[in-house]
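Novice: Just dropping this structure here.
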Amino acid sequence: MAEASNTTVTLQVHRFTPRPERAERARGGSPFAKKSSPFGGGSDSAARRRPRGKQWVQEYTIPARPSDTVLDCLLTIKRTVDPTLAFRYSCGHGMCGSDAVAINGTPTLLCTATIRDWAKQPGTMPEVDDEGFRHTGTESEESDDSAENVANAAADQDSAANSSLGVIELASLPGFPPQRDLIADIDPMLNQIRKLTPYLRADGVLATTAEGKVDVFEYLQNPEQLAKYELLSNCIACGVCEGACPVYAGGDAFIGPAALIWASRFVNDSRDTKAMERMDAIDTADGVAACQSVRACSRHCPRGIDVGEEMWQIVAKVRER
């Protein structure tokens, strides 16, 4: 059945325009200044987490189909409505991880989020009274016209649903400073991953055969060895797990689940010879010790990694050394 073409969706975009940077005067360092975390970026990192500029919410109502993705809608807005709207994307198929944002408060990828799954009707939100409390139950006594009011509200909602697919709220990825509109600065996460040497570190000795040729069979793995890290190698460093983590906030207090996933990927690789060094690097106050096992990082990984379980596994390995 063909989908209706006269339906619309409303995007509520939390926009941000940074204030122009001003040249700062050189200041002398204080001998009493608190030392920064080895996983943080010092004062520069702290300054980037507190960007200053203009913030506002802007609504866009555009034609859309339930099967359209949120990225499709943003591209339509960018091309036909507002060319100043800023967001990041690349492959558009959930493989690059560059378009991670918060949709209705949940970190996820723009290109895999469909209107059907994320649009909400305004009437579905709990009502708030004058004192700020949300009504979650039903009253014991109802007025005489309550049934009529409910019927009228349902009719109005059905009428609106015929033309509007609902409302979607968009914001930049939590846990990272916004650069502009929906673009977050994920450099802190990438720097943490780099500091944990995210590449294979073998012993440097090249195995050879009796004839002096490279012995490729020395580097083969059996299925059991491959299974230990294969899923972890699917991490695309999108930042969704870190955006969902209530402990992570840019790297000064916790290096974050993404960096630990990359460390675990090579700790579990039988060809890597630096497993002990890798575990030493994350056995710090802002490493595995800072993980609170909330497991919010597992809920929305676009690559299907049970991040919370992997965090528990790497913490157990570090403590069992």
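Novice: Considering each of Ala23, Ala2, Ala46 in turn, give the residue that is open to solvent by less than 90 Å² (accessible area, probe 1.4 Å) and at pLDDT below 90.
Specialist: The match here is Ala46.
Novice: If a residue must be over 10 Å from the mean Cα position of the chain (by Cα) and outside any helix (DSSP H, G or I), how many such residues does region 232-250 contain? Even if it seems obvious, please write down each step before you answer.
Specialist: The first filter runs over region 232-250 and keeps only residues over 10 Å from the mean Cα position of the chain (by Cα), leaving 232-236, 246-250.
In the following step, the residues that additionally are outside any helix (DSSP H, G or I) were identified as 235-236, 246-250.
Qualifying residue count, region 232-250: 7.
Novice: Give Thr114, Thr84 a once-over and let me know the one that is touching a Pro at 6+ places or on another chain (Cβ under 8 Å) and at pLDDT 95 or above. Give the steps one after another, and end with the answer.
Specialist: On the way: Thr84 fails: touching a Pro at 6+ places or on another chain (Cβ under 8 Å).
One residue alone meets the criteria, Thr114.
Novice: If I ask for residues that are over 16 Å from Ser98 (Cα atoms) and small (Gly, Ala, Ser), which ones from region 245-265 would you list? I'd like the intermediate steps shown before the answer.
Specialist: Within region 245-265, the first condition is being over 16 Å from Ser98 (Cα atoms), and the residues that meet it are 245-257, 259-265.
Within region 245-265, Ala249, Gly250, Gly251, Ala253, Gly256, Ala259, Ala263, Ser264 meet the criteria.
Novice: Going by the structure shown, is Ile261 under 30 Å from Pro178 (Cβ atoms), out of contact with any Ser or Thr (no Cβ under 7 Å at 6 or more places or on another chain) and in contact (Cβ under 8 Å) with a residue 60 or more places away in the chain? Quick ask: steps written out before the conclusion?
Specialist: Details: under 30 Å from Pro178 (Cβ atoms): yes; out of contact with any Ser or Thr (no Cβ under 7 Å at 6 or more places or on another chain): yes; in contact (Cβ under 8 Å) with a residue 60 or more places away in the chain: no.
Here the answer is no, as Ile261 does not meet what is asked.
Novice: How many residues are within 30 Å of Leu85 (Cβ to Cβ) and in a loop (DSSP other than H, G, I, E, B) if we restrict to region 175-202? Steps first, answer last, please.
Specialist: Taking region 175-202 as the starting set, the residues that turn out to be within 30 Å of Leu85 (Cβ to Cβ) are 175-193.
This time we only want the ones that are in a loop (DSSP other than H, G, I, E, B), so: 175-177, 181-182, 185-186.
So the count comes out to 7.
Novice: Checking Ala253 against (1) modelled with pLDDT under 90; (2) in a loop (DSSP other than H, G, I, E, B); (3) farther than 18 Å from Val315 by Cβ: exactly one of these is not met. Which one?
Specialist: (3)
Novice: Right, another one. Hey, does region 92-100 have a residue that's open to solvent by 70 Å² or more (accessible area, probe 1.4 Å) and either of a type in the set (A, V, I, L, M) or not in a helix (DSSP H, G or I) (or both)? Working first, answer last.
Specialist: Just the residues of region 92-100 that are open to solvent by 70 Å² or more (accessible area, probe 1.4 Å), to begin with: 93, 95.
Those left that are additionally either of a type in the set (A, V, I, L, M) or not in a helix (DSSP H, G or I) (or both): 93, 95.
Scanning region 92-100 turns up at least one residue that is open to solvent by 70 Å² or more (accessible area, probe 1.4 Å) and either of a type in the set (A, V, I, L, M) or not in a helix (DSSP H, G or I) (or both).
Novice: Name the one entry in Pro174, Pro223, Pro257, Pro246 that is within 28 Å of Trp118 (Cα to Cα) and surrounded by fewer than 15 Cβ atoms within 10 Å (Cβ to Cβ).
Specialist: Just one listed residue meets the conditions, Pro246.
Novice: Test Asp145 against the stated conditions and say whether it is at pLDDT 55 or above, surrounded by fewer than 16 Cβ atoms within 10 Å (Cβ to Cβ) and acidic (Asp, Glu). Let's see the steps before the verdict.
Specialist: Numbers: at pLDDT 55 or above: no; surrounded by fewer than 16 Cβ atoms within 10 Å (Cβ to Cβ): yes; acidic (Asp, Glu): yes.
So Asp145 fails the test.
Novice: Within 24 Å of the chain's Cα centre (by Cα) and basic (Lys, Arg): does that describe Arg321? Spell out how you get there, then give the answer.
Specialist: Values: within 24 Å of the chain's Cα centre (by Cα): no; basic (Lys, Arg): yes.
For Arg321, the condition - within 24 Å of the chain's Cα centre (by Cα) and basic (Lys, Arg) - is not met.
Novice: Hey, Ala207 hits all of (1) open to solvent by 20 Å² or more (accessible area, probe 1.4 Å); (2) in contact with a helix residue (DSSP H, G or I) (Cβ under 8 Å, 6 or more places away or on another chain); (3) touching a residue at least 24 places away in the same chain (Cβ under 8 Å); (4) not hydroxyl-bearing (Ser, Thr, Tyr) but one; which does it fall short on?
Specialist: Here Ala207 meets the rest and fails (3).
Novice: Could I ask something else about it? Only residues that are open to solvent by 90 Å² or more (accessible area, probe 1.4 Å) and within 13 Å of Arg15 (Cα to Cα): list them for region 59-82, please.
Specialist: Glu59
Novice: Sticking with this one: Please state which of the following conditions Ala160 fails to meet, knowing it meets all the rest: (1) within 30 Å of Val240 (Cα to Cα); (2) of a type outside the set (D, E, K, R); (3) modelled with pLDDT under 95.
Specialist: With respect to (1) within 30 Å of Val240 (Cα to Cα); (2) of a type outside the set (D, E, K, R); (3) modelled with pLDDT under 95, Ala160 is out only on (1).
Novice: Something else about it: Within region 269-317, which residues are among the aliphatic types (A, V, I, L, M), in a loop (DSSP other than H, G, I, E, B) and crowded, with 19+ Cβ neighbours inside 10 Å? Can you show your working first?
Specialist: To start, the set of residues in region 269-317 that are among the aliphatic types (A, V, I, L, M) comprises 275-276, 279, 281-282, 285, 288-290, 294, 296, 305, 307, 311, 314-316.
After this cut, where a residue has to be in a loop (DSSP other than H, G, I, E, B) as well, the list is 285, 294, 305.
Result: Ile305, single match.
Novice: For region 280-321, enumerate the residues that are of a type in the set (A, V, I, L, M) and farther than 24 Å from Ile236 by Cβ. Talk me through it step by step, then tell me what you get.
Specialist: Step one: filter region 280-321 for residues of a type in the set (A, V, I, L, M), giving 281-282, 285, 288-290, 294, 296, 305, 307, 311, 314-316, 318.
Ala285, Ala289, Ala316, Val318, listed by residue number.
Novice: Looking only at region 263-295, which residues are among the hydrophobic types (A, V, I, L, M, F, W, C) and modelled with pLDDT under 90?
Specialist: Taking region 263-295 as the starting set, the residues that turn out to be among the hydrophobic types (A, V, I, L, M, F, W, C) are 263, 266-267, 275-276, 279, 281-282, 285, 288-291, 294.
Answer for region 263-295, where residues must be among the hydrophobic types (A, V, I, L, M, F, W, C) and modelled with pLDDT under 90: just Val294.
The values are calculated or read from the model by the stated rules, or taken from the named source; none is laboratory data. Just so it is clear, the structure is predicted and the values come from calculations on it, not from any experiment. All Cβ positions, even for glycine, are placed from backbone atoms using ideal geometry, and neighbour counts span all protein chains on display. The protein model used for the area step is the full one, side chains on, heavy atoms only, and it has no ligands, DNA or RNA in it. Shrake-Rupley method; radii C 1.70, N 1.55, O 1.52, S 1.80 Å.
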